[in-house]
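The values are calculated or read from the model by the stated rules, or taken from the named source; none is laboratory data. Only a predicted model underlies this, so the values are computations on that prediction, with no experimental measurement involved. Cβ sites come from the backbone with ideal geometry, for glycine too, and all protein chains shown count toward neighbours. SASA here: full protein model, heavy atoms, side chains in, ligands and nucleic acids out. Shrake-Rupley method; radii C 1.70, N 1.55, O 1.52, S 1.80 Å.
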Amino acid sequence: MTGTDATRVLVLNSGSSSVKYQLLDMSEGERLAVGLVERIGEETSRLVHTPLRDGEGAAREKTGPIADHAAALKAVAEELAADGLGLDSPELAAIGHRVVHGGLRFTAPTVIDDEVLAEIERLVPVAPLHNPANLLGIRTAMTLRPDLPQVAVFDTAFHTTMPESAARYAIDVETADAHRIRRYGFHGTSHAYVSRAAAQLLGKAPEEVNVIVLHLGNGASASAVAGGRCVDTSMGLTPLEGLVMGTRSGDVDPAVTFHLERVAGMSTDEIDTLLNKRSGLVGLCGDNDMREIRRRIDEGDERALLAFEIYIHRLKKYIGAYYAVLGRVDAVVFTAGVGENAAPVREAAIAGLEELGLVVDADLNAVRSGEPRLISPNYARVAVAVVPTDEELEIARQTYALVRD
Ligand SMILES: Nc1ncnc2c1ncn2[C@@H]1O[C@H](COP(=O)(O)OP(=O)(O)O)[C@@H](O)[C@H]1O
Ligand SMILES: CC(=O)OP(=O)(O)O
Ligand SMILES: [Mg+2]
């Protein structure tokens, strides 16, 4: 890339119905603005924008319909302009975009051109909730600043180190290869950032530690990271495999789909919607927000309790599986909305694993903080930690490193 003197990076993390964004100055590592647009496509969309000075700032909130990710980015651009941080600023060096599916082709951050856009588009069928939103964000940013490098940072990139034994499904090799069917894994930017931060928390280099990362947001995935390299992760061809999520089933017997087609007469699209949007916690108990589920459990709600137990059972299975995959584990790390905030989830997931050297200290687990922290007692053989993820910072770093060279 051409070198640049500009030092600011705008990062867009477009999810299926939300955009998280940050404007950072990479010369001083300072955050200039952060924000979120949520419930995109609904009547009750909400934009929360916070301009920052020395890390402090007052949030501004706007509600009202925002039709799609293009409208969302335009609204964000207006908010930034109101603070003198508009997208027309010559100090802006690049815009970094989270792109969920990069297939096999993208193993590193990439400057986006027409050909890269076409490849992200080609991958829409394997990330139907995410890649279309990412594309809309990129195309809108390109019309707002056609002269600026737009950089894609892929969720799948960190997982490309997985050995074939973990990345391949045990299905006919010719069919799998013809259709590029394999396990790609997602949330890689978060798994990379959090596993590195966990090593730092332990006072070690990433190469020295084996870590199990549990990224528990609305989408959720686990990964086994050996010496800084991903060796297994719970999501697969699409972000549907693995853990129980807010609205996604995670692992099911694939025969469930044929059964629903043959016996319940459901179409492929209906089954797709069922497993991606009407399953997981919402399918089990009607709520996908862990705060609401805990509140209902406290009131004695049986359905919410069962949903919680199913969520925890799956999580525990993956901790055990990745313990076995890694052989030796230095830390189990919780991150993302649920992992960072829901102490009962952390407690329940680790309960009963003392034989594996895993213990949670109740007082440490109850602490609320935005800092990386240990929640296991000093005597524990394996550390249990909470490390807040920062996908936006990681995307900004990777984007800036690429355009600065
Ligand atoms: N205080 C809290 N207690 C329990 N769960 C929480 C809390 N805050 C957020 N969450 C959970 O975090 C989820 C969102 O996590 P996040 O990582 O932001 O997800 P995503 O990036 O997929 O939108 C919410 O759906 C909610 O279940
Ligand atoms: C890949 C994925 O599931 O992302 P999110 O958790 O943002 O939905
Ligand atoms: Mg997320």
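What residue, of Asp68, Asp54, is surrounded by fewer than 18 Cβ atoms within 10 Å (Cβ to Cβ), away from ligand 1 (no atom under 16 Å from the Cβ) and within 13 Å of Leu136 (Cβ to Cβ)?
Asp68
When you look at Gly102, is it modelled with pLDDT under 95, in a loop (DSSP other than H, G, I, E, B) and either open to solvent by less than 50 Å² (accessible area, probe 1.4 Å) or out of contact with any strand residue (DSSP E or B) (no Cβ under 9 Å at 6 or more places or on another chain) (or both), yes or no?
Considered against the rule, which asks whether it is modelled with pLDDT under 95, in a loop (DSSP other than H, G, I, E, B) and either open to solvent by less than 50 Å² (accessible area, probe 1.4 Å) or out of contact with any strand residue (DSSP E or B) (no Cβ under 9 Å at 6 or more places or on another chain) (or both), Gly102 comes out as no.
Do you know which residues across the stretch 228-277 are open to solvent by less than 70 Å² (accessible area, probe 1.4 Å), away from ligand 3 (no atom under 16 Å from the Cβ) and either part of a strand (DSSP E or B) or polar (S, T, N, Q) (or both)?
Matches in the stretch 228-277: Cys230, Val231, Asp232, Ser249, Thr257, Ser267, Thr273.
Which of the helices (runs of 4 or more DSSP H) found entirely inside the stretch 296-385 contain at least 2 residues meeting this: over 26 Å from Leu284 (Cβ atoms) and more than 16 Å from ligand 3 (Cβ to nearest atom)?
Ranges flagged: 302-326, 362-366.
Out of (1) within 16 Å of ligand 3 (Cβ to nearest atom); (2) open to solvent by less than 30 Å² (accessible area, probe 1.4 Å), the odd one out for Tyr193 is which?
Of everything listed in (1) within 16 Å of ligand 3 (Cβ to nearest atom); (2) open to solvent by less than 30 Å² (accessible area, probe 1.4 Å), Tyr193 misses just condition (2).
When you scan the stretch 6-27, do you find a residue that is modelled with pLDDT under 95 and of a type in the set (Asp, Glu), even just one?
no
Can you tell me which residues in the stretch 1-49 are away from ligand 2 (no atom under 16 Å from the Cβ), open to solvent by 20 Å² or more (accessible area, probe 1.4 Å) and farther than 23 Å from Leu402 by Cα?
Glu42, Glu43, Thr44, Arg46, Val48
Given the criteria under 30 Å from Arg278 (Cα atoms), touching a residue at least 24 places away in the same chain (Cβ under 8 Å) and either more than 16 Å from ligand 1 (Cβ to nearest atom) or among the basic types (Lys, Arg) (or both), does Arg180 qualify?
yes
Could you list, in sequence order, all residues of the stretch 216-238 that are in contact with a Ser or Thr (Cβ under 6 Å, 6 or more places away or on another chain) and either more than 16 Å from Tyr184 (Cα to Cα) or among the polar types (S, T, N, Q) (or both)?
Ser221, Ser223, Thr233, Ser234
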